[in-house]
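Visitor: Please read through the structure below; I'll follow up with questions.
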Amino acid sequence: MLSRFLTFVASLLVGAFLGAIALPERLFWQGACTGLLVSALFWFCMDLIRGLSVLHWLQFEGAKDAPTQWGLWGRVTDRIRRLLRERDRENQASAQRLQQFLSAIQASPNGVLLLDAQDRIEWCNEMAAQHLGIEIARDLAQLIGNLVRDPDFSAYLHRAQYETEVVIAGRDHRPNHPVRISLQMFPYGEGRRLLLTRDITAIEQSEAMRRDFVANVSHEIRTPLTVLAGFVETLQNLPLSEPEREKYLGLMSQQAQRMQTLVQDLLTLSRLEGSPLPTHQEWIPALAMWHSCEAEGRALSSLLKPPEGPAQDVVFEASGLDACEVAGSRTELLSAMSNLVSNAIRYTPAGGRVHVSCQLQESGQIVFAVEDSGPGIAPEHISRITERFYRVDRSRSRETGGTGLGLAIVKHVVQRHGGHLTIQSVVGQGSRFAFELPADRVHLLQP
Ligand code: ADP
């Protein structure tokens, strides 16, 4: 401030001096006063011009192109320029933060949609747009009620309390391809609301599967239990001859055996679902496993051989297994192989043919296949027979001691070992069940 005052005074003195010497000596004071006034006017004009240039810069130009000034206006310009730069930096940082925040919401597996107090869409992420069938570019600022017309949602929207969620059919919902979306509103700010959307199709499906599973298990256990209870009552209340007692006890043991097999299969399935995938660390000699499978198959075949009539022709054929090991779980693989062999033997009538083979392929894979000349399976059942408790012929399955879980176990085991189960069948001619073990699970021993 002092320097500004001093320059002002100095310019007045210079003006007065110049005015005084510019005129003759007798007009000394008039000249000095005129010079003083002119220099004061000049000083103010210059100051005004500098002030106006700063104002113009503030109004029309960015922080970078500040006019170079000296004195007080120079310091004012510098200070403003620094403040503007700081403000720009802060703006950039908060824009970046906002961008990161929006990207995080975009990456969310749930849909997020913001509504203003009039139910207009202010912002939404791609997931919400996909769930609700909204086109972001077109539908921003539109009324949500006009875009999502589900009556349940309309009722929910106009309800003031949003403690619970509402479930509606998704945009791609079809009767054979259900899509269920859960929506829940959370109020915030002044009349604004956050709408969260979630695809709950898989959750609903697995809940339905769980319910079906419990119902199936209960049903499967209830049947032999009822039979058992009936026999117990008969044995308790009726005077029976020894042969009759023997007969009833035999039937009771059969039912108990059936329940035991069912529980065993259920435990196997739950172990398969709950345990980690078989590693590549445990190597099992393929030939030893094959021999166990063959022994089990032959034992079952002779057990089921009818007293009269022709026996089944059961052929076991392996190639290339003597020099290789397989990575995986021995129990699981043996259970998958035995289930397929047991099915073929159980469903193929007397006199039929069962051919079991296990071959090391040139590609390094091992292919295990079971072919039979049994009743075959109609195409509409093939895609479903690996489902738990799915049977083509319920009574035939029970008759042969089936639980309806065998193929579900096989499929699970094969998938856990990185393989794939293929089923080919022609009704009246027979079936072929095969799976392969990928080459990375097969290890050739050096000769
Ligand atoms: P189950 O214990 O009833 O045999 P699975 O899961 O092993 O249960 O098989 C499911 C259904 O697939 C069986 O009930 C049967 O109808 C059919 N099936 C399985 N293997 C064969 C086969 N080799 N020949 C004909 N049908 C078969």
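The values are calculated or read from the model by the stated rules, or taken from the named source; none is laboratory data. This one's a predicted model, so the numbers in the text were calculated from it and none came from an experiment. For neighbour counting, all protein chains shown are included, and Cβ atoms are generated from backbone atoms with ideal geometry for every residue, glycine included. Areas reflect the complete protein model, heavy atoms only, side chains present, ligands, DNA and RNA absent. Shrake-Rupley method; radii C 1.70, N 1.55, O 1.52, S 1.80 Å.
Visitor: Would you mind telling me which residue in Lys247, Lys305, Lys411 has the biggest mean-square fluctuation in a Gaussian network model of the chain, where springs connect alpha carbons within a distance under 10 angstrom?
Guide: Looking only at Lys247, Lys305, Lys411, the largest GNM fluctuation is found for Lys247.
Visitor: Sticking with this one: May I ask you to list the chymotrypsin sites (Phe, Trp or Tyr not before Pro) in the range 119-203 that are in a DSSP loop and have at most 10 other Cβ atoms within 10 Å of their Cβ?
Guide: Within the range 119-203, no chymotrypsin sites (Phe, Trp or Tyr not before Pro) qualify (loop, at most 10 other Cβ atoms within 10 Å).
Visitor: Quick one: work out the % antiparallel among DSSP beta bridges in the chain, nearest 5.
Guide: 85 percent
Visitor: While we're here: List the residues whose amide H sits under 5 Å from the amide H of Phe389, counting only those 5 or more places along or on another chain, with H placed 1.01 Å from N in the peptide plane.
Guide: Under 5 Å from the amide H of Phe389: Leu405.
Visitor: Oh, and also: Among Ile377, Ile423, Ile21, which one shows the highest mean-square fluctuation when the chain is modelled as a Gaussian network with alpha-carbon springs under 10 Å?
Guide: Looking only at Ile377, Ile423, Ile21, the largest GNM fluctuation is found for Ile21.
Visitor: Ok, one more. Please work out the C-alpha center-to-center distance from the range 413-447 to the range 1-72 and express it in whole Å.
Guide: 99 Å
Visitor: Name the residues whose placed amide hydrogens come within less than 5 Å of the amide hydrogen of Val354, ignoring near sequence neighbours (fewer than 5 apart) on the same chain.
Guide: The list, which skips near neighbours in sequence, is Asp313, Val314, Val315.
Visitor: Rolling a 1.4 Å sphere over the protein heavy atoms, what is the accessible area per residue of the range 108-199, to the nearest Å²?
Guide: 56 Å²
Visitor: A further question follows. In nm, to one decimal, how far is the modelled label at Ile80 from the one at Val227, with both set 7 Å along Cα→Cβ?
Guide: 9.8 nm
Visitor: Let me ask something else about it. So, for the range 206-303, what is the accessible surface per residue at a probe of 1.4 Å, expressed in square angstrom?
Guide: Ligands and nucleic acids excluded, the result is 66 Å² per residue.
Visitor: Given R₀ = 30 Å, what would the calculated FRET efficiency be for Leu238 paired with Asn216, taking r from the Cβ atoms and rounding to 0.05?
Guide: 0.35
Visitor: Any idea of the accessible area per residue across the range 362-447, 1.4 Å probe, to the nearest Å²?
Guide: Using a 1.4 Å probe on heavy atoms only, each residue of the range 362-447 averages 49 Å².
Visitor: Let me ask something additional. With a 1.4 Å probe and every protein chain kept in, tell me what percent of the accessible surface of the chain is carbon plus sulfur.
Guide: Carbon and sulfur together cover 58 percent of it.
Visitor: Show me the ranking of peptides 7-14, 235-242 by mean Cβ neighbours inside 10 Å, starting with the highest.
Guide: Highest to lowest by the protection proxy: 7-14, 235-242.
Visitor: So which trypsin sites (Lys or Arg not before Pro) in the range 144-221 end up in coil per DSSP with only 14 or fewer other C-beta atoms within 10 Å?
Guide: Arg149, Arg159, Arg171
Visitor: Pull out the extension gain between Asn176 and Phe101, defined as 0.36 nm times the separation in residues minus the alpha carbon to alpha carbon distance; nm, one decimal.
Guide: Full-extension gain reported as 23.2 nm.
Visitor: Quick one: if you stick a label point 7 Å off each Cα along the C-beta vector at Gln142 and Trp283, how many nm between them?
Guide: Simple spin-label model gives 6.3 nm for this pair.
Visitor: Please report, ordered by residue number, every helix of the chain (full DSSP H runs) that is 20 Å or longer along its axis going by C-alpha atoms and whose mean Kyte-Doolittle hydropathy reaches 0.5.
Guide: 2-22, 28-60
Visitor: Still on this structure, please answer the following. What percent antiparallel are the DSSP beta bridges of the range 262-416, to the nearest 5?
Guide: In the range 262-416, approximately 60 percent of DSSP beta bridges are antiparallel ones.
Visitor: Hand me the chymotrypsin sites (Phe, Trp or Tyr not before Pro) from the range 252-325 located in a DSSP loop with no more than 13 other Cβ atoms within 10 Å, in residue order please.
Guide: Here no loop site has a sparse enough neighbourhood.
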